[in-house]
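Please treat every number below as a calculation from the coordinates, not as lab data. Since the model is a prediction, treat every value here as computed from it, not as a measurement. Don't worry about glycine lacking a Cβ; one is built from the backbone with ideal geometry, like all the others, and counts go over all protein chains shown.
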Amino acid sequence: MIVAITTWDLHLPACHSLKEKRGVLKPLTAGLRRTLNVSVAETAHQDLWQRAEIACAAVGSARTVVEEILRAADRLIEETDGVRIMDTTTEFR
C-alpha cells in the first residue's frame, strides 16, 4: 500500500475577505473529494485572505496509481479560476 500527501501553497489574488476565500476553496476541496475520492483539508494560512495551503492524501496499491491521482488533483487546482499555485510538495510513505 502506498500513501502520498501533496501540499499546495496557493495565491488567491481576487479574494478580499475570508468569505471570498471560503467561496473559492470550498468548491475546490469538495470537487477534489468528489471526483478523485481523496482526503483534502486547508492546512495553513486560514486567517489570510489571499493565501491558502491545502493538502491532499491519496492511498493506492501502487505508486503509479497514487501519482496519477495526485497529478489529476494538480490539474484540477490549476484549472480553478482565481487560484495560482505558488509551491507544491509531495511526500510518499
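When residues in the stretch 1-54 are screened for being free of Cβ contacts under 8 Å to residues at least 60 places away in the same chain, within 23 Å of residue 71 (Cβ to Cβ) and touching a strand residue (DSSP E or B) at 6+ places or on another chain (Cβ under 7 Å), 14 of them pass. Scanning the stretch 60-71 for residues that are surrounded by 15 or more Cβ atoms within 10 Å (Cβ to Cβ) and of a type in the set (A, V, I, L, M, F, W, C) yields 66, 69, 70.
If you go through the stretch 1-20 and pick out every residue that is touching a His at 6+ places or on another chain (Cβ under 9 Å) and either over 17 Å from residue 88 (Cα atoms) or among the hydrophobic types (A, V, I, L, M, F, W, C) (or both), you end up with 1. Quick check on my filter: what residues within the stretch 49-87 are under 20 Å from residue 16 (Cα atoms) and among the hydroxyl-bearing types (Ser, Thr, Tyr)? Across the stretch 49-87, the qualifying residue is only 80. One residue stands out among those in the stretch 20-32 that are surrounded by 13 or more Cβ atoms within 10 Å (Cβ to Cβ) and of a type outside the set (Gly, Ala, Ser): the one that is nearest to residue 2 (Cα to Cα), which is 32. Residue check: residue 76 meets all listed conditions (1) without any contact (Cβ under 8 Å) to a residue 40 or more places away in the chain; (2) out of contact with any Asp or Glu (no Cβ under 9 Å at 6 or more places or on another chain); (3) outside any strand (DSSP E or B) but one, namely (1).
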